[in-house]
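All remarks here apply to the structure that follows.
The values are calculated or read from the model by the stated rules, or taken from the named source; none is laboratory data. Values in this document were obtained by computation on a predicted structure and should not be read as measured data. Note that we place each Cβ from the backbone using ideal geometry, even for glycine, and neighbour counts take in every protein chain shown. We work out accessible area using only protein heavy atoms, side chains counted, and drop any ligands, DNA or RNA first. Shrake-Rupley method; radii C 1.70, N 1.55, O 1.52, S 1.80 Å.
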Number of protein chains: 2
Amino acid sequence: MDVRTACLGALSRGDATGYEIKKLFEEGPFGHFFSAGYGSIYPALARLCEEGLATVATIEEPGRPVRKSYSITPAGRAAFEKMLLEQPADDRLKSEWIFVAYFADSMPPDLLERRLRERVDWYRERLEAMEGCNQETLRDGERFVLDLGVAVYRAAARYIEEQGPSLVAASRRRTGTPEAAE
Amino acid sequence: MDVRTACLGALSRGDATGYEIKKLFEEGPFGHFFSAGYGSIYPALARLCEEGLATVATIEEPGRPVRKSYSITPAGRAAFEKMLLEQPADDRLKSEWIFVAYFADSMPPDLLERRLRERVDWYRERLEAMEGCNQETLRDGERFVLDLGVAVYRAAARYIEEQGPSLVAASRRRTGTPEAAE
DNA sequence: GGTCCGATATATCGAGTCGATATACGGAGT
DNA sequence: ACTCCGTATATCGACTCGATATATCGGACC
């Protein structure tokens, strides 16, 4: 799915500037399954306007920088809803962390242990933030996706906490490294 | 992580052609957390050779197409192991399926139901394939990553199976669509 | 009062990546 | 004979990524 369609989806829930869409993609609920940089978002918004799927309004307010607020048009809404009917493409995950873990045998045990801990901490932080969301204001689909994320993160964190120590222990046995004092 | 490093990782486990590396990325154990097309792999392998991190051997056997087998060099192995020490970048997931599910409220209930079923089926298939792997031949890190994938997929499939029906039911109530006979 | 920092906001550039496509050969099926 | 599939290399245009440049405003700090 290209950034253009994703922007259309964001605009379907309300007007926004390119900056706000970026934040939505990296911090908001979209953050867990989509991301894009300015280098993709600004050209995408420009093209949406060219194609008549969105419109721009330049807003000059004293006390803040000039903004360009984008709005979806009826044609844009129709295009977006049509897109929802199509077969979604396969997920694409790129995880350096898992890649590194795959080669855990080639890593120093202490570093491995640290990476595992960092990962669990990261999951716990995200989980806390996600569970803090006010579930009352969410639509059905939004809540469904949020809770799916919670279920997945919880499972991953639990697995790493349960199985990580034995991976580290095996690594120490192999290299003969004593446990580091921390 | 760029494709170059990923190729180095693949080569660290044995010689391979570009074609074989592609298959590794899309079917093999790497498939769940990394992917790359020929347009990235072939240039990456060429550059690895330029930089002295890999070497090529052209193999001409009768009865099969000419192949180029790539091997990692000691310098390549050193570069790869150095890379394993660095802080891994954040995961990057792009999921059209989750994106569409987020907008479930704008979808026809029957289609939503089909998408949910397709997704669960997809997870079940992957799980069967993953659990069929001979766990005896895997290294610690490889098994760890495989089982992490199993834990995550299982959690996702279970969540969708448990929570999906009520999402569909709410959608039907909202649109007044009767249940489709299948 | 000045000054630095972070947040808001738009925009662009090169390097890298994706997906489709072209080419070519062998084997299997019909 | 013909077509299709798997193996294998390679390229192209469109798109995406990550870093960077620019600018303004509000608040913190001394």
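Can we say A:Ala79 is part of a helix (DSSP H, G or I) and open to solvent by 30 Å² or more (accessible area, probe 1.4 Å)?
Details: part of a helix (DSSP H, G or I): yes; open to solvent by 30 Å² or more (accessible area, probe 1.4 Å): yes.
When the stated conditions are applied, A:Ala79 passes them.
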| said: Given (1) in a helix (DSSP H, G or I); (2) farther than 30 Å from A:Asp2 by Cβ, identify the lone condition not met by B:Thr177. | reply: (1)
| task | Filter the stretch A:127-155 down to the residues that are more than 16 Å from B:Arg158 (Cα to Cα) and touching an Asp or Glu at 6+ places or on another chain (Cβ under 8 Å), then identify the one that is nearest to the other protein chains (Cβ to nearest Cβ). | result | A:Gly141
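Restrict the check to the stretch B:132-141 and report whether at least one residue is in a loop (DSSP other than H, G, I, E, B) and of a type in the set (D, E, K, R). First the steps, then the outcome.
Initially, the stretch B:132-141 is screened for residues in a loop (DSSP other than H, G, I, E, B), giving B:132-134, B:138-139.
Subsequent filtering for residues that are of a type in the set (D, E, K, R) retains B:139.
Checked against the condition, which is being in a loop (DSSP other than H, G, I, E, B) and of a type in the set (D, E, K, R), the stretch B:132-141 yields at least one hit.
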| query | If we scan the stretch A:113-129, do we find a residue that is away from DNA strand D (no atom under 16 Å from the Cβ), aliphatic (A, V, I, L, M), closer than 22 Å to A:Pro29 by Cβ and assigned to a helix (DSSP H, G or I)? | reply | yes
| query | Can you find even one residue in the stretch B:110-123 that is within 30 Å of A:Leu8 (Cα to Cα) and in contact with a Cys (Cβ under 9 Å, 6 or more places away or on another chain)? | reply | no
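Yes or no: the stretch B:146-157 includes at least one residue that is aromatic (Phe, Trp, Tyr), surrounded by fewer than 18 Cβ atoms within 10 Å (Cβ to Cβ) and part of a helix (DSSP H, G or I). Spell out how you get there, then give the answer.
Pass one, the stretch B:146-157, residues aromatic (Phe, Trp, Tyr): B:153.
Filter once more, keeping what is surrounded by fewer than 18 Cβ atoms within 10 Å (Cβ to Cβ): none.
No, that holds for no residue.
Checking the condition more than 9 Å from chain A (Cβ to nearest Cβ) and charged (D, E, K, R), which residue from B:Arg172, B:Arg115, B:Arg158 passes? Lay out the reasoning, then the answer.
Working: B:Arg115 fails: more than 9 Å from chain A (Cβ to nearest Cβ); B:Arg158 fails: more than 9 Å from chain A (Cβ to nearest Cβ).
When all the criteria are applied, what remains is B:Arg172.
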| request: Filter the stretch A:19-44 down to the residues that are open to solvent by less than 20 Å² (accessible area, probe 1.4 Å) and touching a Lys or Arg at 6+ places or on another chain (Cβ under 8 Å), then identify the one that is nearest to DNA strand D (Cβ to nearest atom). | output: A:Ala36
| query | Out of (1) more than 14 Å from every other protein chain (Cβ to nearest Cβ); (2) buried (at least 16 other Cβ atoms within 10 Å of the Cβ), what's the single condition that is false for A:Gly63? | reply | (2)
| Based on what the data block shows, is A:Thr58 open to solvent by less than 50 Å² (accessible area, probe 1.4 Å), over 30 Å from B:Phe144 (Cβ atoms) and not hydrophobic (A, V, I, L, M, F, W, C)? | no
| said: Kindly evaluate B:Asp110 against the criterion of being in contact (Cβ under 8 Å) with a residue 12 or more places away in the chain, assigned to a helix (DSSP H, G or I), facing another protein chain (nearest Cβ under 9 Å) and over 30 Å from A:Leu112 (Cα atoms). | reply: no
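Listed here are the residues, each with its yes/no results for (1) within 14 Å of DNA strand C (Cβ to nearest atom); (2) free of Cβ contacts under 8 Å to residues at least 24 places away in the same chain.
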| position | (1), (2) |
| --- | --- |
| B:Gly18 | yes, no |
| B:Tyr38 | yes, yes |
| B:Met83 | yes, no |
| B:Tyr102 | no, yes |
| B:Asn134 | no, yes |
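Please tell me if A:Glu125 is farther than 21 Å from B:Leu84 by Cβ, open to solvent by 70 Å² or more (accessible area, probe 1.4 Å) and under 16 Å from the mean Cα position of the chain (by Cα). Walk me through it before giving the result.
Values: farther than 21 Å from B:Leu84 by Cβ: yes; open to solvent by 70 Å² or more (accessible area, probe 1.4 Å): yes; under 16 Å from the mean Cα position of the chain (by Cα): yes.
The answer is yes for A:Glu125.
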| Answer residue from the stretch B:1-60, given it is over 23 Å from B:Glu86 (Cβ atoms), assigned to a helix (DSSP H, G or I) and of a type in the set (Asp, Glu) and is nearest to the other protein chains (Cβ to nearest Cβ) among those | B:Glu26
| Out of (1) in a loop (DSSP other than H, G, I, E, B); (2) within 13 Å of another protein chain (Cβ to nearest Cβ); (3) surrounded by fewer than 16 Cβ atoms within 10 Å (Cβ to Cβ), what's the single condition that is false for B:Pro88? | (3)
